[in-house]
Each structure stands twice: as structure tokens, then as C-alpha cells.
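**Q** Questions regarding the structure given below will be posed in turn.
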Amino acid sequence: MGQKLGFGSGIKIRQERVSLSSPFDDLPVDCIANIISLTSPRDACVAASVSKTFKSTSEFNSVWEKFLPPEYSSFILGSQVFTLKKKLYLALCNDPVLIEDGQKSFWLEKSSGKRCILLSARQLAITWGNSPQYWQWISIPEARFKEVPELLDVCAFEIRGWMNTRILSPRTHYSAYVVYKTRTGCHGFRDLPIQVGIGFVGQKATKRFICFDESADRIKRWGRRELMKSKERHDGWIEAKIGDFFNEFGCEEIELSIVDITSPYWKRGLIIQGIEFRPVEK
């Protein structure tokens with residue numbers, strides 16, 4: 001029966017224990033470490049099953065430092081001390097850190113080391129967002145950010161945002177999600193298709209529809225419109241996919257929109273945490 005690695009990525013090894021020796025063991029350990037560092041965090045954990053030499057070498061700081069972002073030292077809190085770079089890597093995977101004056105939440109995808117970002121709602125352009133009769137900014141313990149906006153009452157619902165992709169991993173396919181909650185008494189969103197779009201500035205954005213408050217009815221009123229279903233996350237928030245893009249060079253600006261300006265209904269009871277960017281799920 002396969003042995004599961006303690007890396008959290010569901011990797012299984014088809015052997016009972018690490019081999020006692022391997023033909024590769026004759027290579028200098030620095031050479032082995034360099035080879036492993038040119039792969040991925042997932043592959044490094046698989047390599048640990050090859051032999052005892054590979055197992056010990058795959059733990060080298062020189063290996064895991066290659067998987068960390070170049071500016072990783074700025075993400076370490078003053079009270080934290082990591083003598084092993086692998087532990088630091090796992091900490092950045094499991095415990096997102098706030099960067100850029102608390103306006104973005106940063107973490108790493110565990111199996112690949114790709115960068116993930118949650119852009120705070122304060123970085124978004126929310127129509128009437130600074131008008132207290134329409135939106136209020138509140139602090140809640142389950143949010144990553146100091147404050148998040150709660151919708152009190154609007155008819156025209158419009159959110160737009162921009163972000164430079166240099167903070168993301170280059171040559172990587174990304175998905176963007178709006179992360180939100182609904183209050184008890186949420187009104188005006190039931191089965192309402194909200195148009196969302198994402199694309200690089202100056203290029204045509206891909207458009208689709210999401211629904212913040214979907215009923216269980218099989219018959220929908222949006223006809224042939226493609227609806228991206230929302231889903232509840234493990235952290236208690238809900239996410240709805242806005243779209244995908246390929247971040248080739250990491251030096252362009254991405255723009256997104258979440259808009260409903262045609263519905264005559266007044267809306268309330270929505271809390272927006274932000275927009276999340278993470279590598280496309282395979």
C-alpha cells in the first residue's frame with residue numbers, strides 16, 4: 001500500500017520505505033541538491049523516496065531556498081526564526097502574510113511554489129463604496145484584512161479593480177475569484193446573474209456570469225448565459241470564479257469588473273473580502 005508523504009499534496013509513493021541505496025548516491029551531495037532544486041517542491045518530496053542520500057539531500061536549505069521567492073526575507077515576522085528553509089516554505093504555504101501595508105495577502109501554492117494573492121477590497125473601486133448610507137466598512141475576525149465592506153443598500157452594483165501582475169509568478173496560468181459572504185437577510189441577489197470580466201489592460205476582457213445568491217431550483221432565469229457556480233471554501237468564505245489569464249512575463253496590468261446595472265432591485269447583505277489570484281487548478 002502506498003505511503004503518503006507529509007506534504008499535504010496527496011502524493012503517494014509505491015514502496016514501503018526509502019531504498020537503502022541508489023546508483024545516484026555516487027554523485028556528490030551538492031550535485032544532487034542542485035538537481036533537486038531545479039525541479040519543484042512536489043518533486044523534491046518525491047525525490048526523498050529514492051534513497052537515504054536523496055532523503056537527506058532533499059532537506060538542504062540550498063534546495064528549498066530555490067523554491068522561495070527572492071524577497072522572502074521581507075515576509076518573515078520579527079518573532080519568527082526559521083533555521084530550515086523547508087519549514088519557512090511550508091509556513092508561507094499554510095499561513096498567508098499581509099504585504100504592502102496590509103492591502104494584499106500573500107502565500108505560496110504548496111506543490112509548485114507559485115505565488116498566490118488576495119487583493120483586499122480597499123484596493124477595489126466600489127461604486128458608492130465610501131458612502132456610509134450604501135456601504136459600511138467593518139472589522140470581522142474571519143477576515144484577513146483589517147476591514148471589509150458590507151453592502152447596506154444599492155441598486156446599481158459595480159466593482160472594478162486593477163493589479164500589476166509582477167507580484168504573481170511569470171509563465172503561469174491564473175484564475176481570479178471574488179471572495180465574499182452573505183448576511184442573513186441578504187436581498188436582491190437571489191438567482192441574479194452578475195456579469196464579470198477579466199483581461200489585460202488594453203485588451204478585450206473575457207465576460208461571463210456568476211451568482212452571489214443561488215437558489216436550489218433547477219430552472220434558471222438566465223437562459224443560455226453561462227453561469228459560473230460559486231462554492232464554499234474551507235475558511236468559511238464563498239468564492240465565485242471571475243475568469244482565467246496567462247501571466248507570461250509578469251509585467252502587465254490586469255483589470256476586472258463585477259457589474260449589475262440593469263436589475264431594478266435594491267441589494268443588501270453582501271460582504272466582500274477581495275479578489276483572489278491563484279494558479280489554475282489542474
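**Q** Report, in degrees rounded to the nearest 10, the 0 to 90 angle that the Cα long axis of helix 85-94 makes with the longest principal axis of the chain.
**A** Long axis of 85-94 versus the principal axis of the chain: about 20 degrees.
**Q** Ok, one more. Which loop-located GluC sites (Glu not before Pro) does the range 231-282 contain, where loop means any DSSP state but H, G, I, E or B and the Cβ has at most 13 other Cβ atoms within 10 Å?
**A** Listed in order of number, the matching sites are GLU248, GLU281.
**Q** I've got another one for you. Compare HIS173, HIS187, HIS234 in a GNM of the chain, Cα atoms joined below 10 Å, and give the one with the largest fluctuation.
**A** HIS234
**Q** CYS155: accessible area at probe 1.4 Å, nearest 10 Å²?
**A** That residue has around 40 Å² of solvent-accessible surface.
**Q** Another question about this same structure. Work out, step by step, the length gained on full extension between HIS187 and TRP266: first 0.36 nm times the residue separation, then minus their alpha carbon distance; give nm to one decimal.
**A** Once the chain is fully extended between HIS187 and TRP266, it gains 27.7 nm.
**Q** With r defined as the distance between the Cβ atoms of THR127 and PHE82 and R0 fixed at 45 Å, what FRET efficiency is calculated, to the nearest 0.05?
**A** Calculated value: 0.55.
**Q** Taking all protein chains together and a probe of 1.4 Å, list TYR174, TYR134, TYR72 from the most accessible to the least accessible.
**A** If we order TYR174, TYR134, TYR72 from most to least accessible, we get TYR134, TYR72, TYR174.
**Q** Sticking with this structure for a sec: Only helical DSSP H runs with n ≥ 4 go in: add -39500 (n - 2.57) per run for the chain, normalise by residue count and round the 222 nm mean residue ellipticity to 500 deg cm²/dmol.
**A** Calculated mean residue ellipticity at 222 nm is -3500 deg cm²/dmol.
**Q** Can you give me the solvent accessible area of ASP244 with a 1.4 Å probe, rounded to the nearest 10 Å²?
**A** Roll a 1.4 Å probe over it and ASP244 shows about 70 Å².
**Q** Tell me, what is the percent relative contact order of the range 129-175, built from C-alpha pairs under 8 Å that lie six or more residues apart?
**A** That works out to 28 percent.
**Q** Using the Karplus equation 6.51 cos²θ - 1.76 cosθ + 1.60 (θ = phi - 60°), what ³J(HN,Hα) coupling, rounded to whole Hz, does each residue of the range 141-154 give in order, writing x for Gly and Pro?
**A** Rounded to whole hertz, the list is x, 7, 8, 7, 9, 4, 8, 9, x, 10, 6, 8, 5, 9.
**Q** Let me ask something else. In the neighborhood of PRO141, defined by Cβ-to-Cβ distances under 15 Å, what is the net charge if each Lys or Arg adds +1 and each Asp or Glu adds -1?
**A** -1
**Q** I want the local charge near LYS181. Using Cβ-Cβ distances under 12 Å, sum +1 for each Lys or Arg and -1 for each Asp or Glu among the other residues.
**A** -4
**Q** Using a 1.4 Å probe on the protein heavy atoms, what percent of the accessible area of the range 77-137 belongs to carbon and sulfur?
**A** Here carbon and sulfur together make up 48 percent of the probe-accessible area.
**Q** Students sometimes get this wrong: rank ARG166, ARG278, ARG190, ARG160 by accessible area, probe 1.4 Å, all chains present, largest first.
**A** Result, largest first: ARG166, ARG190, ARG160, ARG278.
**Q** Among LYS104/LYS181; LYS52/LYS114; LYS104/LYS229, which pairs are too far apart, with a Cα-Cα distance over 23 Å?
**A** The answer is LYS52/LYS114; LYS104/LYS229.
**Q** Another question, if that's okay. With bins 5 Å wide starting at 0, give me the P(r) of the chain over every alpha carbon pair, in whole percents.
**A** 1, 5, 11, 14, 15, 13, 11, 9, 7, 6, 4, 2, 1, 0, 0
**Q** Starting from the 7 Å offset along Cα-to-Cβ, what nm value, one decimal, do you get for the label separation of ASN164 and SER56?
**A** 4.5
**Q** With a sphere of radius 11 Å drawn around the Cβ of ALA125, what net charge do the other residues whose Cβ falls strictly inside it have (Lys, Arg +1; Asp, Glu -1)?
**A** Taking every Cβ under 11 Å from that of ALA125, the sum is 0.
The values are calculated or read from the model by the stated rules, or taken from the named source; none is laboratory data. Please read these numbers as outputs of a predicted model, since none were measured by experiment. With ideal geometry, Cβ positions are generated from the backbone for all residues, glycine too; neighbour counts draw on all protein chains shown. Heavy atoms of the whole protein, side chains included, go into the accessibility calculation; ligands, DNA and RNA do not. Shrake-Rupley method; radii C 1.70, N 1.55, O 1.52, S 1.80 Å.
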